[in-house]
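Below: one structure, written as structure tokens.
Nothing in this text is a laboratory measurement; each read-out follows from the coordinates by a stated rule. Owing to the predicted nature of the structure, the values given are computational and were not obtained by experimental measurement. Note that each Cβ is placed from the backbone with ideal geometry, even for glycine, and that neighbours are counted across all protein chains shown.
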Amino acid sequence: MDDRRRDQESPDEATYEKVLALIGLARRAGRLAVGATAVEKMVRGGERPVVLVAEGTSEQQRRKWLALSPVRGFIAQGIGRDALARRLGRGDLTVVAVADRGFVSGLVDLGVVTDPREDSAASR
């Protein structure tokens, strides 16, 4: 198994630090939807973002975010609420989204973007 495939199966802490760095860059570039209202608006606008749902989000909220459509995929593990909020200068934060092709490509290349809805459908 090559290194790239191994990284996709189980990203490490350094990978998630890179995710946070990309999210920070997207924020500074004005390409990041921060918070529930902004993420919902981005999805309703048809932009098909990658949605990051922080660990520690309530199960009800997590289900809500993972049901969003249309999206390119999700990052639903590895980044806690506190780390995400702290990185973006917020008090509390559970969800952000980015639709910019360059940032999405960077996240996909890190191997952290998945669609848990497909995983659960495949296991049925």
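Before moving on, here are some points about what is shown:
- All of GLY78, GLY56 fail the test of being closer than 20 Å to THR15 by Cβ, surrounded by fewer than 21 Cβ atoms within 10 Å (Cβ to Cβ), within 13 Å of the chain's Cα centre (by Cα) and not β-branched (Val, Ile, Thr), apart from GLY78.
- Just one of the numbered conditions (1) surrounded by 15 or more Cβ atoms within 10 Å (Cβ to Cβ); (2) closer than 20 Å to GLY24 by Cβ is not true of GLY89: (1).
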